[in-house]
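What follows is a short report on a single structure.
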Amino acid sequence: MSLIRRASPLAALMLTLSAAAPLPAAAAPALTPAVLTEARALRERARSDDTAYELVRSLTTEVGPRLAGTPGDAAAVAWAIRTLKSLGFQNVRAEPVTVPRWVRGEARAEIVAPWPQPLVATSLGGSVGTPVGGIEAEVVPITTFDDLKSMPRERVEGRIVFFTFRMERSRDGAGYGKAAEARGRGAAEAAKLGAVGMVMRSAGTSTSRTPHTGAQRWSDGIPPIPAMALSNPDADLLEQQLASGKPVRLRLASTARWDGEAESANVVGEIPGEGLADEIVLLGAHLDSWDLGTGAHDDATGVGIITAAVKLAAEARPRPKRTLRVVFFANEEFGLSGARAYAAAHANAIERHVLGMESDLGAFQPFGLTARVASDRLPLVRAMQSVVEPLGIEYLGTEASGGADLGSLRELGMPVLDIKTDAAPYFDLHHTANDTFDKVDPQLVRVNVAAFAAIAYLAAQAEGGFGRLPAVARLVGPASAR
Ligand SMILES: [Zn+2]
């Protein structure tokens, strides 16, 4: 303390800098120089490889929308098995998952007073339909889901609740969780207060007339009401009419309905390791998608990125010691059915899951690596990060969640890493009709493959692994649904 106080400003600055400097890779003996050199070469090979981009093209072109329980979902499972086998993966299999089946049908929303106009709307996942001929009622605007709690019943009863909250666009996608609150539970809570319908501003940042769908949740015992999302420009229009102070009336018509359950599957494939084949490095993405677009960024790119990353890592020498396993999870979008089924089926092998990573934020510029591993393994993570730093990936701390599909495995103690990518453009497309292949940039796909391939390879080689998560580190804050 006293030394620093007496030192010159320059010396103090140098002390600060050296204290903040990252640990050199040499401080992590878990990785040999040969492995680090090969990981860098693998990273560069991946930057000129279009395996992932071609997989995205194939899945979006030949299968397209693949909402859980639909014929597209079954076609995606068949596509995945065929594709993994053709790429040389072993132990390729479909592990059965039961999924709910919901039928979107047709949705119409229109302002009937004071100035009649049609609106562009889509039903929220799991919404019931309206009676034939639709419903008509006065609109009551409410900003956020929380604001609904303080609304007196007489302001809501017999009306259509309109959630107006607008999602903020940001690199970390933090605005999505808040915007999706009304989508998840808004209709159920409005129904408790006697509302006859619910519309919301889309939980996305697109300025196109492309409404954003997504799942909602119902508590038992409340008769469901129809729920729709309006595109951002249509929500603006409705707000403009409300701003006149005149009563605004909406008519909603929808043929959405539930249709029981269906059989789907998690698709698993692996490249067995050499030496530590019993230990698994798991790379996950989800195979299902919403039905409005072709699920290009959500999550065909994830499927392509992890598959290509494992294929390229398997070709590296020295060969990966641990088994590299890809899991294409069923029904992430509509209840995480595949994630739960995988965790239940593999709980007795959880100790063999050395590390998990997920790609489910599209193929955009990566900027960070976060970790959730045993604390004494952080120097290893820093050494791994140094290999992907030339891709623009900084070390950003210990707040990794593993993503939606790996949450159940993390809660069982599996360490996870997150590669963070720019979420701002993602939420312009996510869950809308605009999530299509033309929005996928091959260059950004390659950068993501390079990051996943290098990290997965290093994870498969690292001596001593990543430890286990202590109970206190297994839970993260409210997981943002993807
Ligand atoms: Zn997703």
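The relative contact order of the range 44-106 comes to 26 percent, based on Cα pairs under 8 Å that sit 6 or more residues apart. The translational diffusion coefficient of the range 90-142, from Stokes-Einstein at 4 °C and 1.567 mPa s with a Kirkwood hydrodynamic radius over alpha carbon pairs, comes to 87 µm²/s. For the chain, complete DSSP H runs whose alpha carbons reach 24 Å or more along their own long axis and whose mean Kyte-Doolittle score is 1.0 or higher are 442-461.
Measuring nothing but alpha carbons in the range 148-294 and taking Rh as the Kirkwood radius, the Rg to Rh ratio lands at 1.10.
Given C-alpha coordinates of the range 213-256, what is the ratio Rg to Rh with the Kirkwood estimate of Rh? Don't skip to the end; give the middle numbers.
Numbers: Rg = 13.7 Å, Rh = 13.0 Å.
Expressed as Rg/Rh, it is 1.05.
Normalised by 2.2 N^0.38 Å, where N is the number of residues, the alpha-carbon radius of gyration of the chain equals 1.05.
Taking every alpha-carbon pair under 8 Å whose residues sit at least 6 apart, the range 316-464 reaches a relative contact order of 34 percent.
Express the carbon and sulfur contribution to the solvent-accessible surface of the chain as a percent, rounded to the nearest whole number, probe 1.4 angstrom. Reported share for carbon and sulfur atoms: 55 percent.
Selection among Ser123, Ala187, Met167 by position relative to the dipole of the range 110-241 gives Met167 as farthest towards the positive end (Cβ unit charges, Cα centre). Take the Cα radius of gyration of the range 276-378 and divide it by 2.2 N^0.38 Å, N being the number of residues; the result is 1.15. Within the range 236-312, the percentage of alpha carbon pairs spaced more than 19 angstrom apart rounds to 65%.
Each residue, Val472 and Arg217, gets one label point 7 Å from its Cα in the Cβ direction; the gap between the two is 2.7 nm. Excluding same-chain pairs closer than 8 in sequence, count the lysine pairs in the chain whose Cα atoms lie under 22 Å apart. Qualifying lysine pairs in the chain: 9. Mean separation of Cα pairs under 8 Å and 6 or more residues apart, divided by the residue count, gives the chain a relative contact order of 23 percent. Evaluated with a Cβ-only charge set (Lys, Arg +1; Asp, Glu -1), the chain carries a dipole of roughly 760 debye about its Cα centre, given to the nearest 20. A quarter of the convex hull surface defined by the alpha-carbon atoms of the range 35-184 gives 15.4 nm² as the mean projection. If every alpha-carbon in the range 326-482 counts as one equal scatterer, what log10 I(q)/I(0) does Debye give at q = 0.10, 0.11 1/Å? Each listed q maps to, in turn, -0.36, -0.43. If you take the Cα centroid of the range 266-339 and the Cα centroid of the range 411-459, the two points sit 12 Å apart.
Calculate log10 I(q)/I(0) of the range 213-352 for q = 0.09, 0.11, 0.18 Å⁻¹, where I(q) comes from the Debye formula with a single equal point scatterer on each Cα and nothing for solvent. Log10 of I(q)/I(0), two decimals: -0.48, -0.63, -1.12.
What the Cα atoms of the range 158-221 give is an Rg and a Dmax of 12.6, 40 Å. Estimated at the nearest 10 Å², the accessible area of Ile222 is 30 Å² with a 1.4 Å probe.
In this structure Met167 has an accessible area near 10 Å², from a 1.4 Å probe over the protein heavy atoms.
The values are calculated or read from the model by the stated rules, or taken from the named source; none is laboratory data. Computed from a prediction, not measured in an experiment: that's the story for all the values here. Because the Cβ atoms are built from the backbone with ideal geometry, glycine has one as well, and the counts that use them run over all protein chains shown. When the accessible area is computed, the model is the full protein with side chains, heavy atoms only, and any ligands, DNA or RNA have been set aside. Shrake-Rupley method; radii C 1.70, N 1.55, O 1.52, S 1.80 Å.
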